[in-house]
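Here the structure comes first, spelled out in structure tokens, and everything after it is commentary.
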Amino acid sequence: MKTSPVKAYGTKAPDADLQQMEISRRELTAGDVEIDIHYCGVCHSDLHFARNDWGMTQYPVVPGHEIVGTVKRVGEDVTRYSVGDLVAVGCLVDSCRTCDNCKKDLEQYCPEWVGTYGGYDKHLDTNTHGGYSETIVVDETFVLRVPDNLDKAGIAPVLCAGITTWSPLRHWNVGKDSKVAVVGLGGLGHMAIKLADALGAHVTLFSRSKSKIEDAKALGADAVIISTDEAAMERAAGTFDLIIDTVPYAHDLNPYVATLNTNGTLVVVGYLGPLDPMLVTVPMIMGRKSVAGSLIGGIAETQELLDFCGKHNITSDVEIIPIQDINAAYERMLQSDVKYRFVIDMRTLKQ
Ligand code: NAP
Ligand code: ZN
Ligand code: ZN
């Protein structure tokens, strides 16, 4: 298949910095949309993937799955989008479209789902490459429409940080009578607070950092508990209907399970791997409490969220960086030194 060379930023090894490289984008098939990328958010998963934290990375990798841009060209059968439309691409660019999960708009749980980067591009028989690049070519089914009343950079993180927290909020029916807690105030955490607050819930943040208390309240949290304060943790026993845990590394879930109400659920969205220390089942059994996981969200649910953000004027709090600062941004993200999402101005790649 014919391809075009495109400038991108990526890495060829887990211990190498990201650097400028050239990748190939496929020629448009009849159903494809070519997008000129304006902004791309920086997710902690980009860092995990670039550094092979999950042991599954194939190099080279070009991260980026919070993509906002405009339609540059469309294939002959494209009906939903026209040249110039403001669009977005999140974490998924394809799936089998026939399995039970696909039929239920749960493409993220399709056994053949294709990630925006590090997935398998059947057209080119190579890995997919993400949004740290000039352009991307995506089947229109996996392209989303962006409300035009929102800041273009601020909407980018909705495509991953937003949908990853929105999906559990919706699945566990959060509304105005819900007591929700969020663990960790980073990219996912700050979107979780904004979205749970917009759904009318009472929202509490668990954070290690006293310095984030005022920010959390400004974002919409009603309360903040410093997770290292054992007395405060004990006072919160039996409180929450839903806890969304965004912490990227192994940590003790047991103190958080204790703060769930009867029938409450702690949903892990951050850390991927074996728990250490292990979960103690006693409080789960004695209070019918659940510990669950959740992966991003489907295409229809992501469009629902974008529309909800448009209606409620919700965007992410972002620090815009040039692509040349990406390696420094990764180091700052590891120190939790970002308020609250880096977004790359992709025009800086053209310089
Ligand atoms: P982030 O911006 O770096 O935020 C993570 C937050 O967790 C930090 O701000 C910090 O909050 C807390 N934290 C960090 N290290 C910690 C540690 N060692 N112990 C305790 N708390 C710690 O990351 P993000 O982009 O929000 O991503 C969070 C995680 O979600 C990543 O692992 C990412 O791969 C994953 N993710 C999962 C999905 C999914 O579909 N399930 C989708 C996207 C991302 P405080 O300072 O407030 O404590
Ligand atoms: Zn992500
Ligand atoms: Zn499927």
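Residues in segment 339-351 that are open to solvent by 40 Å² or more (accessible area, probe 1.4 Å), touching a His at 6+ places or on another chain (Cβ under 9 Å) and assigned to a loop (DSSP other than H, G, I, E, B): 339 only. Only residues that are of a type in the set (A, V, I, L, M, F, W, C) and farther than 16 Å from residue 35 by Cβ were counted across segment 115-141, and they come to 1. For segment 131-140, the count of residues that are within 16 Å of ligand 3 (Cβ to nearest atom) and either more than 18 Å from the chain's Cα centre (by Cα) or not aliphatic (A, V, I, L, M) (or both) is at least one.
Please specify each residue of segment 13-23 satisfying the condition of being surrounded by 15 or more Cβ atoms within 10 Å (Cβ to Cβ) and not in a loop (DSSP other than H, G, I, E, B). Even if it seems obvious, please write down each step before you answer.
So the first thing to find is which residues in segment 13-23 are surrounded by 15 or more Cβ atoms within 10 Å (Cβ to Cβ), and the list is 18, 21, 23.
Scanning segment 13-23 gives 21, 23.
Tell me, which residue of segment 278-294 that is closer than 26 Å to residue 48 by Cα and outside any strand (DSSP E or B) is least open to solvent (accessible area, probe 1.4 Å)? Ranking the candidates gives 294 first.
Is there a residue being open to solvent by 10 Å² or more (accessible area, probe 1.4 Å) and in a strand (DSSP E or B) anywhere in segment 295-316? No; the residues of segment 295-316 include none that is open to solvent by 10 Å² or more (accessible area, probe 1.4 Å) and in a strand (DSSP E or B).
If we keep just the residues of segment 196-253 that are polar (S, T, N, Q) and free of Cβ contacts under 8 Å to residues at least 40 places away in the same chain, which is nearest to residue 313 (Cα to Cα)? It would help to see each step written out before you state the result.
Filtering segment 196-253 for residues polar (S, T, N, Q) gives 204, 207, 209, 211, 227-228, 239, 246.
With free of Cβ contacts under 8 Å to residues at least 40 places away in the same chain added as a condition, the list becomes 204, 207, 211, 228.
Details: 204: 22, 207: 26, 211: 26, 228: 34 Å.
Applying the filter and picking the extreme gives 204.
If you go through segment 193-216 and pick out every residue that is closer than 18 Å to residue 240 by Cα and either within 9 Å of ligand 1 (Cβ to nearest atom) or not small (Gly, Ala, Ser) (or both), you end up with 12.
Pull up segment 63-74, narrow it to residues that are open to solvent by 10 Å² or more (accessible area, probe 1.4 Å) and touching a residue at least 40 places away in the same chain (Cβ under 8 Å), then point me to the one that is nearest to residue 187 (Cα to Cα). Even if it seems obvious, please write down each step before you answer.
Quick first cut of segment 63-74, residues open to solvent by 10 Å² or more (accessible area, probe 1.4 Å) only: 65, 70, 72-74.
From what is left, the residues that are touching a residue at least 40 places away in the same chain (Cβ under 8 Å) are 65, 72-74.
Values: 65: 13, 72: 29, 73: 32, 74: 32 Å.
Result: 65.
Table: residues versus (1) away from ligand 2 (no atom under 16 Å from the Cβ); (2) under 24 Å from residue 191 (Cβ atoms); (3) crowded, with 20+ Cβ neighbours inside 10 Å; (4) among the hydrophobic types (A, V, I, L, M, F, W, C).
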{"site": "229", "(1), (2), (3), (4)": "yes, no, no, no"}
{"site": "241", "(1), (2), (3), (4)": "yes, yes, yes, no"}
{"site": "247", "(1), (2), (3), (4)": "no, yes, yes, yes"}
{"site": "256", "(1), (2), (3), (4)": "yes, yes, yes, no"}
{"site": "259", "(1), (2), (3), (4)": "yes, yes, yes, no"}
{"site": "273", "(1), (2), (3), (4)": "yes, yes, no, no"}
{"site": "276", "(1), (2), (3), (4)": "yes, no, no, no"}
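In summary, residue 38 fulfils each of the numbered conditions (1) loosely packed, with under 14 Cβ neighbours inside 10 Å; (2) assigned to a strand (DSSP E or B); (3) not basic (Lys, Arg) with the single exception of condition (1). Checking the stated criteria, residue 99 turns out not to satisfy the condition of being within 16 Å of ligand 2 (Cβ to nearest atom), at pLDDT 95 or above and either under 24 Å from residue 305 (Cα atoms) or of a type in the set (Lys, Arg) (or both).
For segment 88-206, which helices (runs of 4 or more DSSP H) that fit wholly inside it have 2 or more residues that are open to solvent by 10 Å² or more (accessible area, probe 1.4 Å) and within 30 Å of residue 1 (Cβ to Cβ)? Please lay out each step first, then the result.
On the way: elements: 100-103, 152-155, 161-171, 187-198.
Answer list for segment 88-206: 100-103.
In segment 317-338, the residue that is nearest to residue 184 (Cα to Cα) out of those that are in contact with a Gly (Cβ under 8 Å, 6 or more places away or on another chain), outside any strand (DSSP E or B) and not charged (D, E, K, R) is 336.
The values are calculated or read from the model by the stated rules, or taken from the named source; none is laboratory data. No experiment lies behind these values; they were computed from the predicted model shown. All Cβ positions, even for glycine, are placed from backbone atoms using ideal geometry, and neighbour counts span all protein chains on display. Remember, those area values only see protein heavy atoms, side chains included, never the ligands or the DNA or RNA. Shrake-Rupley method; radii C 1.70, N 1.55, O 1.52, S 1.80 Å.
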